[in-house]
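In what follows, a single structure is set out as structure tokens and then discussed.
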Amino acid sequence: MSSLLIILLGSVLVSYFALTTPGIVQPFASDDVFDGAVGVAIATAIGLMLLSPLAWLVDRLALRPLHIEFLAPTIFVVLAVLLALCLEAVFRRQTHWLPLRMGFVLLLTTQGALLGVMLQGRVRSDTLQEAVLAGAGAGIGFAALLLAFASMQQRLRAAEVPAVFQLAPAALVTIGIMALALMGLTGLVRE
Amino acid sequence: MTFATSPAPHVIAPNSVRRVMGLVLFALAPAIVMHVVFFGVGLLVQLFLGVIVALVSEAIALKLRRKALQPFLTDGSAIITGVLLAMCLPPLAPWWLVVSGSAFAVLLAKHLYGGLGANPFNPAMVGYAVLLVSFPAQLTQWLPPQLADLQLLRPGVGDACYTIFMGHLPAHLTWDAITSPTPLTSMRNSLSMGLTMQEAQANPMFGSLGGRGWDWINLCILGGGVWLLVLRIIRWHIPFAMLAAIAIPAAVMNAVDPGAYPGMTFHLTAGASMLGAFFIATDPISAATSNRGKLMYGAGIGLITYVIRTWGGYPDGVAFAVLMMNAAVPLIDRYTVPRVYGHTR
Amino acid sequence: MIVAILIMIAIGTVLAAVLAGSASSTAQREQLLTERINERLPQTQCGRCTFTGCKPYAAAIARGEADINQCPPGGDATAKVLADLLGRPPKPVDPRFGVVLPQPLVAWIDEPACIGCTKCIQACPVDAIVGASKFMHTVITAQCTGCELCVPPCPVDCIEMRTVTEVALS
Amino acid sequence: MTPALHGGLRLPGNKQRSTQKPLRLLPAPAQVVLPLDQHAGAAAIAQVKVGDRVLRGQLIARADSEISASLHASIAGTVRAIEPRPVPYHRNGPSICIVIDNDGSDAAVSVAAVDYAAFDPRALCEYIGNGGIVGLGGAAFPTAPKLRRGQRSDGPQLILNGAECEPWISCDDMLMREHAQQILRGAAILCHALQATRCTVVIEDDKPVAESAMRAAQAALHDERIVIQSVPTIYPAGGENQVITAVTGLEVPASGLPSDIGVLCHNVGTAAAIARWIDNGEPLIRRIVTVTGSGVCEPGNLEVWLGTPMSELIVRSGGYAGSIARLLMGGSMMGLALPGDDLPVVKASNCLVAALPEDLHLRGMEMPCIRCGNCSEACPVMLLPQQLHWFARSDDCAALESLGLMDCIECGCCDYVCPSQIPLAQRFREAKPALIERLTSRQQALQARQRYEARDERLERIEAQRQAKLAEKRKAMTQNNQSGG
């Protein structure tokens, strides 16, 4: 239970997901942008859930015995790329989820949350079960918050935000208040 | 003969935003009176400061946005933000706490998004959460309830004002002499020290329901809330869902381990449960829209509140729970659109 | 050390395979994307975007060869919709491809002058002109998309572009 | 048990004032103005010229397109002009009207009464259309096309709407009190025209006298097909969809018609007009208008020839009493505020309210929406007006479409309960054209694409056939060379 929340808190606040996701920064109206956000959320959630235990296994079975822990980041990136390929094959028909021309590959490799959960999992999770839990928690937390923020931006399109706060400032304030709300969960994890 | 024209309909019920907000403030009155009875005049000073700062910052924001001052200042929404924020703070908290919280709430949480009706987050809770996170120390200096059988040193009116405005106690008082933890905090501390529920409750500050003094305040809030329900100013969905979502896990955990987890009545009458259910979560602007959405929204707040109270770092999680569910409201609204006449789904 | 080098080489080959393998999948994905883009185009088939019709233009956008603001009939609204779909910042319509008309125009044939040569019927991409050879032709106003492809081929220049209200009054 | 209407309002009826005195028939006015487009659908085509002499009841304009209604002269006299005149309904600008001066002869054209049973149902529908009959509930939808669309093999259920839920209006109430037989006669004719097996007359329970009159007439007729049903007095229980749901418990499909669920709903006034046309040969040339409001000395219900100027109705009701805040055609919820009282009475004029300021509670200053939810609770169509208002501000057509803006019946319940006094119904009225335009352009684009693709296939097929023929000719040529060679 504890690792689940620390990853959720860490990966969500650390990863700059909101600003890199296309079209999320400024309030949008059309459902296409929301579908795009759904695509990113689902792809990253699945990525987190699968890669966390996978990275833990690779670390315990290969990296440590061979003493090549320094290769961890590169190998983990390759893992992310391979997973992106599988996702692309599986979700080929769901183009409305991911209108980006570059497809899943570029998106997942550049997603900070994935690398974060893999590197943290390597160090923090002691058992495979904990790594699976951390991945699941991060995945669900990430997808929920991204969708919440995307639909919040869709709703804020009609808000008369003063000119000086249009676009990025309002988005940052919204993320700030959401982060403030998440601060309430600190202390749930007694390390 | 010629006549003025206007679009249909030509008759509306005599209702206004001012009346709605005024009734909400009126419903809060008994609780404020009870609060003053138990905890002294500190709250009145905080209320005065909170409301004044809320109105001033509202006026500044309206001036900057070049909007008419009179209708928006007198609609009472800023006053409610100030009042709710003041009620969450300890009575003797320093003046700059409620001032900064109220200004932050009105300027950033409300007018940044476009003023009345556009703020996705509850302004009072944004202000309170900012204070909770930035000044945790000052927010724990609560006073004990003024009960007949408890001979505790009682700061008079002069002392209260002195403390609030000077930021420190007058010479003849010390903080540990006059402060005492709230029922929630004391329950948490004693449980974490390994005491069982029964030993924790032996402390004289606990009465039959929850914390003595506090339970009366919460009952008054409940009365005010029911009165608003009867007047149809608020709907039953959010308070019912929230209180149920606090009571049920509390009852379950209490049944599972009566020694370690306080019961349903304690949780319902402690901290800001009632204030949150009837006055904070039901803020229509930042709450969910459809009835089903309101039930999910209320249940979410209740659950998160219970989780934070039981396993979290903060004594009372209502503020954070409300903000978290405010963030989820657009997503909830998106998937809980009620069925329209003539449509199957 | 050797192991590290071997692993790096393995990674290289895997990534190379990735790039090769992804070519087929992106082609198939682009075909789906073309369909979604085509749904959002105004279907005037006018060719102002330098492509023969709306579908070829959609395919070009999907391949990344065409920009999203080459469609004057769609105007800024269509450019915005395409921007949302492809996750790009919206752009106004590029005036090089034609001016965005405030009110859509439809073709109108000056019937007495028509010699029935059927050239406009063959030119019309949406079969909105009726008439047989050597007989008078006329435009079905409701079905005309205003693409102006019928105006050049007419030998007697009896086709003009008019607003729907002007056509109704004449 | 009548299925509960979602939301709705219990409004003060304000109807007692206008139902004290019996119906009065006004004499023919000096001049009538008859607009050609006073019904839903296309305008009628004038059949007379300026200077023609016309008799009362003579056809002066013919319905030419599918949804239109013919028009008859309501007085005998000479056609003085056919010109645009201001009209008491939503049109962008004046409408073309036929103006007839009364020559005092009051000569009527004689039309033989017919036996409706002799007609086969479809011909009866056409014949009803010839009488210029339109729905008298306020929408003025031509009755003939409605009947044509209502034709069903398995016999639809006919509903006569006598609910009249809007405040102030009491014309149907008085009609039911004094002409109950005529209404049931009309019901029998409609049942024959539609081969309907059941007819339910719906009356709100705030009209006991009218209800007892209708039950007495139904008992006298002892036609077991006709049933009288009482519904609770909640505005807008009288809406077509709401009445249908109250009787059948079914909901009219959003993109369909009542006949899709085997029901057809007509106003009781329409039934009476049909009976008058079939039995007495009198087309729709007069109707009952409630003249009420505290701004009128003697409120009451008058039977008025179409085209009579409304100022004459006020004069006949004792003139104005006090400074009039609004002159409404219709009730206070959906009525149209008229700019003047020189406008003619048309087929849709069911009521004229000369309202003093205390009759209405006009809207004050509009405040921002606080999403309190009063409106979504009052909405009879179960919409979310606060969300529609929110997305209408940023004209987000996709959201408006998915939230159901096109299902809004503009009843005004949301306006009534809004604490911020926002003119919601007007906002939705203004947002609809943009959404309709977007839906139609999307439809046209789809059709254009289908025609484009069909044309491509045709050209390819022709090309393929040409190639095939060419190939055959070439093959035949080579065979000739070989055999020849």
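A few notes on this one:
- For chain D: relative contact order, % (alpha-carbon pairs under 8 angstrom, 6 or more apart): 17 percent
- What you get for the stretch C:25-97, charging only the Cβ of Lys and Arg (+1) and of Asp and Glu (-1), is a dipole of about 20 debye around the Cα centre.
- Taking every Cα-Cα distance in the protein assembly as shown and sorting them into 10 Å bins starting at zero, the pair-distance distribution P(r) comes out as 2, 8, 13, 16, 16, 16, 13, 9, 5, 2, 1, 0, 0, 0 percent.
- Restricting the calculation to Cα atoms, the stretch B:183-339 shows an Rg/Rh of 1.00 when the hydrodynamic-style radius is the Kirkwood one.
- Over chain B, relative contact order from alpha-carbon pairs under 8 Å, at least 6 apart, %: 17 percent
- Taking amide H atoms as placed 1.01 Å from N in the peptide plane, the amide H of D:CYS265 lies under 5 Å from those of D:ILE159, each 5 or more residues away in sequence or on another chain.
- Across the stretch B:295-345, the volume of the C-alpha convex hull divided among the residues equals 71 Å³ per residue.
- Theoretical FRET efficiency, 1/(1+(r/R0)^6), r = Cβ-Cβ of D:GLU298 and C:VAL164, R0 30 Å, to 0.05: 0.05
- Förster radius 45 Å - calculated FRET efficiency between D:GLU366 and C:GLN31, Cβ distance, rounded to 0.05: 0.35
- Sequence-distant residues sharing a close amide H with D:ARG286 (under 5 Å, placed H): D:LEU306
- Cross-link reach list, aspartates and glutamates versus C:LYS134, counting only Cα pairs under 14 Å and skipping chain neighbours closer than eight places: C:GLU111
- The stretch D:14-37 versus the stretch C:88-119: alpha-carbon centroid distance in Å: 53 Å
- Furthest towards positive pole of dipole, D:ALA163, B:ILE280, C:ALA62, structure part the protein assembly as shown, Cβ charges: C:ALA62
- Given charges at Cβ of Lys, Arg, Asp, Glu: the protein assembly as shown dipole, positive-most of D:HIS192, D:LEU362, B:PRO120: B:PRO120
- Cα radius of gyration and Dmax for the stretch B:17-179 (Å): 16.7, 56
- Percent of Cα pairs in chain D per distance bin of 10 Å, from zero to the largest separation: 4, 17, 26, 25, 14, 5, 3, 3, 2, 1, 0, 0.
- Charge tally for A:PHE34 (other residues, Cβ to Cβ under 10 Å; Lys, Arg +1; Asp, Glu -1): -3.
- Taking other Cβ atoms within 10 Å as a rough exposure proxy, D:LYS469, C:LYS119 sort from fewest to most as D:LYS469, C:LYS119.
- Taken residue by residue and averaged, Cβ atoms of other chains lying within 10 Å of the Cβ of C:33-46 number 4.
- With the simple spin-label model, which puts each label point 7 Å out from Cα in the Cβ direction, the D:ARG122 to D:ILE96 separation comes to 3.1 nm.
- Restricting the calculation to Cα atoms, chain B shows an Rg/Rh of 1.00 when the hydrodynamic-style radius is the Kirkwood one.
- When you count the other C-beta atoms within 10 angstrom of each residue and take the mean per peptide, D:299-307, C:65-73 line up highest first as D:299-307, C:65-73.
- Over the stretch D:47-107, the Kirkwood radius and the radius of gyration, each from Cα atoms, give a ratio Rg/Rh of 1.00.
- Fraction of alpha-carbon pairs over 22 Å apart in chain C - percent: 57 percent
- Relative contact order for the stretch B:183-339, counting Cα pairs under 8 Å that sit 6 or more residues apart, in percent: 26 percent
- When peptides D:326-333, D:454-461, B:36-43 are ranked by their average number of other Cβ atoms within 10 Å per residue, the highest-first order is D:326-333, B:36-43, D:454-461.
- Rounded D (µm²/s) - the stretch C:1-101, Kirkwood Rh over Cα pairs, Stokes-Einstein at 10 °C, 1.306 mPa s: 103 µm²/s
- Assigned charges on the beta-carbon of Lys, Arg, Asp, Glu; the protein assembly as shown dipole about Cα centre (debye): 1440 debye
- Charge context of D:CYS408, other residues only, Cβ under 9 angstrom, K/R +1, D/E -1: 0
- Think of each Lys and Arg Cβ as +1 and each Asp and Glu Cβ as -1; about the Cα centre, that makes the dipole of chain D roughly 1400 debye.
- Ranking of D:GLU453, D:GLU312, D:GLU83 by neighbouring Cβ atoms within 10 Å, starting from the fewest: D:GLU83, D:GLU453, D:GLU312.
- For chain C, cysteines whose Cβ has no other cysteine Cβ within reach (under 4.7 Å): C:CYS49, C:CYS54, C:CYS71, C:CYS114, C:CYS117, C:CYS124, C:CYS144, C:CYS154, C:CYS158
- Exercise: per-residue mean of other protein chain Cβ atoms within 10 Å, B:276-288: 2
- Helix C:2-39 vs. chain C, principal-axis angle (Cα, 0 to 90°, nearest 10): 10 degrees
- In sequence order, calculated HN-Hα J values of the stretch A:59-73 (Karplus, 6.51, -1.76, 1.60; Hz; x Gly/Pro): 5, 5, 8, 10, 4, 5, x, 8, 6, 10, 4, 5, 7, 3, x
- Gap separating the Cα centres of the stretch D:366-433 and the stretch B:294-345, nearest whole Å: 24 Å
- Residue-count net charge about D:GLN31 - beta-carbon cut-off 12 Å; Lys, Arg +1, Asp, Glu -1: -2
- Think of the stretch D:369-485 as having a plus end and a minus end, set by charges on the Cβ of Lys, Arg, Asp and Glu; of D:CYS413, D:GLN465, D:ALA392, D:GLN465 sits farthest toward the positive end of this dipole.
- Using the Cβ-Cβ distance between D:SER402 and D:THR78 with R0 set to 60 Å, the FRET efficiency from 1/(1 + (r/R0)^6) comes to roughly 0.60.
- Peptides D:173-185, D:45-57 ordered by average Cβ neighbours within 10 Å, highest first: D:173-185, D:45-57
- Remark on D:HIS72: its backbone amide H falls under 5 Å from those of D:ILE60, a criterion applied only to residues 5 or more positions apart or on other chains, H modelled at 1.01 Å from N.
- Cross-linked pairs C:LYS119/D:LYS475; B:LYS294/C:LYS91; D:LYS15/D:LYS347: Cα-Cα separations exceed 29 Å for C:LYS119/D:LYS475; B:LYS294/C:LYS91.
- Inter-chain shielding of C:122-130 (mean C-beta neighbours from other protein chains, 10 Å cut-off): 3
- Bridgeable aspartates and glutamates around B:LYS67 (alpha carbons under 20 Å apart, same-chain partners fewer than 8 residues away excluded): A:GLU160, B:GLU58, B:ASP75, D:GLU366.
- Ellipticity estimate at 222 nm from DSSP helix runs (n ≥ 4, -39,500 (n - 2.57)) divided over the protein assembly as shown, nearest 500: -15500 deg cm²/dmol
- DSSP beta bridges in the protein assembly as shown [antiparallel fraction, %, rounded to 5]: 65 percent
- Separation of alpha-carbon centers, the stretch B:57-88 and the stretch D:185-245, rounded to whole Å: 55 Å
Quick note: the coordinates plus some simple rules give every number you see, no bench work behind them. If you're wondering where the values come from, they're calculated on a predicted model, not measured in any experiment. In this analysis, Cβ positions are derived from the backbone assuming ideal geometry, glycine residues included, and neighbour counts consider all displayed protein chains.
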